[in-house]
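Here the structure comes first, spelled out in structure tokens, and everything after it is commentary.
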Amino acid sequence: MQETSLAADQLAFLRLELASARVFKTCPHLGSTAANRAWAAKMAAALDHEAGGLEAAHWSAGARPKVTVYVGELRRSAELWREAVAARSDNSYWARSDDAWNQPSSKYQRDVRKALGLASDLPATSFGPPF
């Protein structure tokens, strides 16, 4: 789809979503704890950036409530990743990161996408747009 065929709010959402998705896709998975902590710090920053951008953007009346809920989920997710980064031991990092992986639920992302008239069929285990 060409950028010019998207409404301004659709384009704003996709650009912000893409930035977080790009960081997400660089996850080292079962690599070293140090590498995962560094990635988690980047993930928290990306989620904060996305949430801030979503808060600052202008949304239609129908999309605004969905975006507001999603922003809250993104902020909570960023906080969970920061808690994981700050964990004192490797075991504690992994336990806290397990909590962070469950946030935000893709349900909230789908709700915003639907409200904006974007495709909303994301894989159940995906964060960010399915590239």
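The values are calculated or read from the model by the stated rules, or taken from the named source; none is laboratory data. As the structure is a computational prediction, the values presented were derived from the model and not from experiment. Methodologically, a virtual Cβ is constructed for each residue, glycine included, from the backbone with ideal geometry; neighbour enumeration extends over all protein chains shown.
Restricting 92, 77, 97 to those that are in a helix (DSSP H, G or I), free of Cβ contacts under 8 Å to residues at least 60 places away in the same chain, surrounded by 21 or more Cβ atoms within 10 Å (Cβ to Cβ) and not β-branched (Val, Ile, Thr) reduces the list to 77.
Of all residues in segment 46-72, those satisfying the criterion of being without any contact (Cβ under 8 Å) to a residue 12 or more places away in the chain and either within 12 Å of the chain's Cα centre (by Cα) or not in a helix (DSSP H, G or I) (or both) are 52, 61, 72.
Mind listing just one residue for me: the one in segment 80-89 that is in a loop (DSSP other than H, G, I, E, B) and not polar (S, T, N, Q) and, of those, nearest to the chain's Cα centre (by Cα)? The qualifying residue nearest to the chain's Cα centre (by Cα) is 87.
Filtering segment 108-131 to residues that are modelled with pLDDT of 90 or more, charged (D, E, K, R) and more than 20 Å from residue 47 (Cα to Cα) leaves only 114. Scanning segment 1-45 for residues that are polar (S, T, N, Q), farther than 19 Å from residue 77 by Cα and outside any helix (DSSP H, G or I) returns 2, 32. Of all the residues in segment 105-121, those that are under 13 Å from the mean Cα position of the chain (by Cα) and surrounded by fewer than 18 Cβ atoms within 10 Å (Cβ to Cβ) number 4.
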